[in-house]
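Participant: Before I ask anything, here is the structure I am working with.
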Amino acid sequence: MTRDAPDPASGPAPSPASDPASSDSESDPIGRALAGARSVPLWLDVPDRPAPRPGLVGDLTVDLAVVGGGLTGLWVALLAAEAEPGRRVVLLEGASLGWAASGRNGGFCSASLTHGLGNGMARWPGEMPALQRMGAENLDAIEDTIARHGIDCGFRRSGELLVAVQPWQLHDLTELAAASRRLGRPAELLSAEETRALVDSPTYLGGLHEPDGTALVDPARLVWGLAAAAAGAGVEIHEGTRVTAMRDEGGRVRLLTPSGTVLARRVVLGTSAFPSPLRRLRPFVVPVWDHVLATEPLTADQRSALGWKSGEGVADAGNQFHYYRLTDDDRLVWGGYDALYYFGSDLGARRARRPATERLLAEHLFATFPQLAGVRISHAWAGAIDTCSRFTAFWGRGLGGKVAAVQGFTGLGVGASRFGALVALDLADGRETERTRLRMVRTKPVPFPPEPLRWAAIEVTRRSIARADAAGGRRNAWLRTLDRLGLGFDS
Ligand SMILES: Cc1cc2nc3c(=O)[nH]c(=O)nc-3n(C[C@H](O)[C@H](O)[C@H](O)COP(=O)(O)OP(=O)(O)OC[C@H]3O[C@@H](n4cnc5c(N)ncnc54)[C@H](O)[C@@H]3O)c2cc1C
């Protein structure tokens with residue numbers, strides 16, 4: 001636990017008493033756009049958000065206990081219940097389902113299991129064909145599950161457009177296009193004009209269009225739909241039930257919570273950026289805050305001024321990158337860029353608003369789309385990302401193999417969480433599969449050092465990345481050393 005101890009049971013961040021981004025100044029269009037933005041994540045700010053399920057009371061004995069009610073935990077529960085219908089499965093969530101990263105993200109549901117092709121090629125080149133295949137199967141299976149259970153979450157195979165907004169990024173896109181082609185993935189390099197014909201921003205210098213491999217989704221509705229499907233398959237779900245400790249009781253594990261205990265044959269942890277009940281995994285993850293804005297619904301004229309007929313998910317190719325998309329009700333959701341780590345792995349709810357970052361994001365939004373001048377930001381929020389030094393999920397085991405854990409998705413877990421869940425179940429059940437034989441699964445990232453070194457190292461890295469973006473992509477000696485060691489920092 002740290003200063004401002006992260007307490008999952010504390011739930012969603014409260015709205016600040018006064019709006020930090022408000023401004024009266026007529027001469028401050030950015031301040032005006034942000035004034036009155038609501039602090040609750042867009043996806044969670046809906047009247048039909050399900051009421052929380054009751055917390056655990058008393059003691060339970062189960063076959064499988066799942067800790068964490070984000071996408072990872074819900075996939076574990078649903079997959080386990082569907083694979084073995086008689087199995088007694090309970091899911092314990094410390095606050096409410098989807099209140100954390102799973103209800104705060106951009107909703108890019110990617111086939112990539114490796115945080116992008118470049119990261120995968122750098123780490124596991126030999127495994128990439130298999131990882132690509134498994135990633136594509138994973139995305140298909142997500143689509144199939146959504147259809148099978150009738151989950152109304154706006155899942156749409158939108159594809160992705162990666163845009164260059166600095167000349168040096170064109171080179172990176174060319175390399176990425178070549179790597180994609182080598183792996184048999186469709187990816188088309190576009191000129192500035194061709195890119196602007198898809199989405200019209202004067203900042204675009206070129207693009208890489210990947211029609212496959214990315215879907216857009218309303219992530220909170222996906223969470224709630226998976227929860228309903230899991231409950232329908234017999235999973236018992238308790239919200240407001242934080243696991244405070246785990247005890248090995250020979251053939252079983254006892255989970256302690258303030259209101260009862262669960263005795264389980266097997267346990268899977270999907271606790272993301274929060275301190276893992278398996279203490280030895282804690283050094284592998286740091287919480288990194290990522291901020292997001294959403295606009296009010298665009299008018300038909302504003303919408304058509306953007307082009308963007310196919311509604312691709314868009315990201316730019318900077319090291320500090322933005323990701324953005326449209327919603328079903330024609331809002332623009334715009335996030336990324338600043339990736340903020342606070343001393344002591346601070347997860348305090350007050351970190352969910354940061355006026356300086358929100359201003360910067362809004363400035364970038366209106367510079368990218370000047371045709372949206374005057375549009376208001378209706379929502380501004382942030383969430384903690386479970387960042388690890390290799391940017392992809394990793395797995396751990398404990399208590400004699402009865403407990404398995406998966407975390408570390410580093411900002412690309414909407415799709416990969418299902419794969420992470422499958423592997424965690426393989427590990428918990430002691431199954432050897434093609435998945436568990438992957439080096440990606442058998443190895444762990446390099447741990448972060450303890451404080452104060454942790455904060456210092458991340459801060460130097462953050463500043464170096466910002467300098468690299470400002471200096472034509474040139475990486476300084478610190479970043480080159482990290483690259484050589486296969487280490488990094490990202491959101
Ligand atoms: C701002 C933001 C933008 C993002 N954008 C994208 C994107 O566009 N695409 C993408 O692929 N990924 C994105 N991500 C990452 C993605 O949201 C996650 O990787 C994904 O949702 C998987 O989440 P999870 O279930 O592992 O974690 P979470 O959703 O954080 O769930 C973990 C849960 O565990 C619970 N918990 C923790 N400890 C305990 C305990 N001791 N007892 C009981 N419960 C506990 C917490 O309360 C929490 O609900 C983004 C993340 C953020 C924050």
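Participant: Tally the residues that are buried (at least 23 other Cβ atoms within 10 Å of the Cβ) and assigned to a loop (DSSP other than H, G, I, E, B), restricting the search to segment 210-241.
Facilitator: Count: 4.
Participant: Within segment 268-275, can one find any residue that is in contact (Cβ under 8 Å) with a residue 12 or more places away in the chain and away from the ligand (no atom under 12 Å from the Cβ)? It would help to see each step written out before you state the result.
Facilitator: Keep residues of segment 268-275 that are in contact (Cβ under 8 Å) with a residue 12 or more places away in the chain, which gives 268-275.
With away from the ligand (no atom under 12 Å from the Cβ) added as a condition, the list becomes none.
Checked against the condition, which is being in contact (Cβ under 8 Å) with a residue 12 or more places away in the chain and away from the ligand (no atom under 12 Å from the Cβ), segment 268-275 yields no hits at all.
Participant: I need the full set of residues from segment 361-399 which are closer than 26 Å to Pro449 by Cα and among the small types (Gly, Ala, Ser), in order please. It would help to see each step written out before you state the result.
Facilitator: Step one: list which residues in segment 361-399 are closer than 26 Å to Pro449 by Cα, which gives 382-399.
Answer for segment 361-399, where residues must be closer than 26 Å to Pro449 by Cα and among the small types (Gly, Ala, Ser): Ala382, Gly383, Ala384, Ser389, Ala393, Gly396, Gly398.
Participant: Provide a single number: the residues in segment 276-300 that are outside any strand (DSSP E or B) and either within 14 Å of the ligand (Cβ to nearest atom) or of a type in the set (A, V, I, L, M, F, W, C) (or both). If you could, list the steps in order and put the result at the bottom.
Facilitator: Pass one, segment 276-300, residues outside any strand (DSSP E or B): 276-285, 296-300.
Cutting the leftovers down to either within 14 Å of the ligand (Cβ to nearest atom) or of a type in the set (A, V, I, L, M, F, W, C) (or both) gives us 276-279, 281-282, 284-285, 298, 300.
Count: 10.
Participant: Can you tell me how many residues within segment 42-91 are within 14 Å of the ligand (Cβ to nearest atom), touching a His at 6+ places or on another chain (Cβ under 7 Å) and under 30 Å from Trp334 (Cα atoms)?
Facilitator: Qualifying residue count for the region: 1.
Participant: Based on what the data block shows, is Thr195 assigned to a loop (DSSP other than H, G, I, E, B), surrounded by 14 or more Cβ atoms within 10 Å (Cβ to Cβ) and of a type in the set (S, T, N, Q)? Please lay out each step first, then the result.
Facilitator: Working: assigned to a loop (DSSP other than H, G, I, E, B): no; surrounded by 14 or more Cβ atoms within 10 Å (Cβ to Cβ): yes; of a type in the set (S, T, N, Q): yes.
Answer is no for this residue.
Participant: Looking at segment 169-196, I want the residues that are of a type in the set (Lys, Arg) and have a partner that is not in a helix (DSSP H, G or I) with Cβ atoms under 8 Å, at least 6 apart or on another chain. Which pairs are those?
Facilitator: Arg181/Ala187; Arg185/Glu210; Arg185/Asp212; Arg185/Gly213; Arg196/Pro202; Arg196/Tyr204; Arg196/Gly307
Participant: Here's a follow-up. Test Arg280 against the criterion of being surrounded by fewer than 20 Cβ atoms within 10 Å (Cβ to Cβ) and closer than 16 Å to Cys388 by Cα, and give yes or no.
Facilitator: Values: surrounded by fewer than 20 Cβ atoms within 10 Å (Cβ to Cβ): yes; closer than 16 Å to Cys388 by Cα: yes.
For Arg280, the condition - surrounded by fewer than 20 Cβ atoms within 10 Å (Cβ to Cβ) and closer than 16 Å to Cys388 by Cα - is met.
Participant: Could I ask something else about it? Looking at this structure, is Arg353 within 15 Å of the ligand (Cβ to nearest atom), of a type in the set (Lys, Arg) and touching a Ser or Thr at 6+ places or on another chain (Cβ under 8 Å)? Break it down stepwise before answering.
Facilitator: Details: within 15 Å of the ligand (Cβ to nearest atom): yes; of a type in the set (Lys, Arg): yes; touching a Ser or Thr at 6+ places or on another chain (Cβ under 8 Å): yes.
So Arg353 passes the test.
Participant: What is the residue count in segment 296-340 for residues that are of a type in the set (D, E, K, R) and crowded, with 19+ Cβ neighbours inside 10 Å?
Facilitator: Within segment 296-340, the first condition is being of a type in the set (D, E, K, R), and the residues that meet it are 296, 301, 303, 309, 312, 316, 325, 328-331, 338.
Narrowing further to those that are crowded, with 19+ Cβ neighbours inside 10 Å: 312, 316, 325, 331, 338.
Total satisfying the criteria: 5.
For (1) touching a residue at least 12 places away in the same chain (Cβ under 8 Å); (2) away from the ligand (no atom under 11 Å from the Cβ); (3) aromatic (Phe, Trp, Tyr), each residue gets a yes or a no:
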site: Arg390; (1), (2), (3): yes, yes, no
site: Gly396; (1), (2), (3): yes, yes, no
site: Phe409; (1), (2), (3): yes, no, yes
site: Leu412; (1), (2), (3): yes, no, no
site: Gly420; (1), (2), (3): yes, no, no
site: Ala424; (1), (2), (3): yes, no, no
site: Phe448; (1), (2), (3): yes, yes, yes
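Participant: Would a scan of segment 113-128 turn up a residue that is polar (S, T, N, Q), within 13 Å of the ligand (Cβ to nearest atom) and within 20 Å of the chain's Cα centre (by Cα)?
Facilitator: Applying the first criterion (polar (S, T, N, Q)) to segment 113-128 yields 114, 119.
Subset that is within 13 Å of the ligand (Cβ to nearest atom): 114.
Still in the running and within 20 Å of the chain's Cα centre (by Cα): 114.
Yes, segment 113-128 has at least one match.
Participant: Looking at Leu34, Leu60, can you tell me which residue is under 22 Å from Leu278 (Cβ atoms), over 17 Å from the mean Cα position of the chain (by Cα) and among the aliphatic types (A, V, I, L, M)? Reasoning before the result, please.
Facilitator: On the way: Leu34 fails: under 22 Å from Leu278 (Cβ atoms).
Sole residue among the options that is under 22 Å from Leu278 (Cβ atoms), over 17 Å from the mean Cα position of the chain (by Cα) and among the aliphatic types (A, V, I, L, M): Leu60.
Participant: Would you be able to say whether some residue in segment 445-465 is more than 21 Å from Arg282 (Cβ to Cβ), among the aliphatic types (A, V, I, L, M) and buried (at least 20 other Cβ atoms within 10 Å of the Cβ)?
Facilitator: Looking through segment 445-465, at least one residue is more than 21 Å from Arg282 (Cβ to Cβ), among the aliphatic types (A, V, I, L, M) and buried (at least 20 other Cβ atoms within 10 Å of the Cβ).
Participant: Looking at Glu363 and the list (1) among the acidic types (Asp, Glu); (2) surrounded by fewer than 24 Cβ atoms within 10 Å (Cβ to Cβ); (3) within 12 Å of the ligand (Cβ to nearest atom), which single condition is not satisfied?
Facilitator: Just one mismatch for Glu363, condition (3).
Participant: Moving on to the next point. Among the residues of segment 301-327, write down those that are of a type in the set (D, E, K, R), within 16 Å of the ligand (Cβ to nearest atom) and closer than 22 Å to Ser378 by Cβ.
Facilitator: Applying the first criterion (of a type in the set (D, E, K, R)) to segment 301-327 yields 301, 303, 309, 312, 316, 325.
With within 16 Å of the ligand (Cβ to nearest atom) added as a condition, the list becomes 312, 316, 325.
Selection gives Arg325 alone.
Participant: For a quick check of your reading of the model, give me the residue pairs whose first member lies in segment 18-46 and is assigned to a loop (DSSP other than H, G, I, E, B) and modelled with pLDDT of 95 or more, whose second is of a type in the set (Phe, Trp, Tyr) and surrounded by 13 or more Cβ atoms within 10 Å (Cβ to Cβ), with beta-carbon atoms closer than 8 Å and at least 6 apart or on different chains.
Facilitator: Ser39/Trp381; Val40/Trp381; Pro41/Trp381
Participant: Report, by residue number, each residue of segment 129-165 that is among the small types (Gly, Ala, Ser), surrounded by fewer than 17 Cβ atoms within 10 Å (Cβ to Cβ) and under 30 Å from Leu205 (Cα atoms).
Facilitator: Hit for segment 129-165 is Ala136, nothing else.
The values are calculated or read from the model by the stated rules, or taken from the named source; none is laboratory data. Everything numeric here is computed off the predicted structure, so don't read it as measured data. Please note: Cβ atoms are built from the backbone with ideal geometry, for glycine as well, and neighbour counts cover all protein chains shown.
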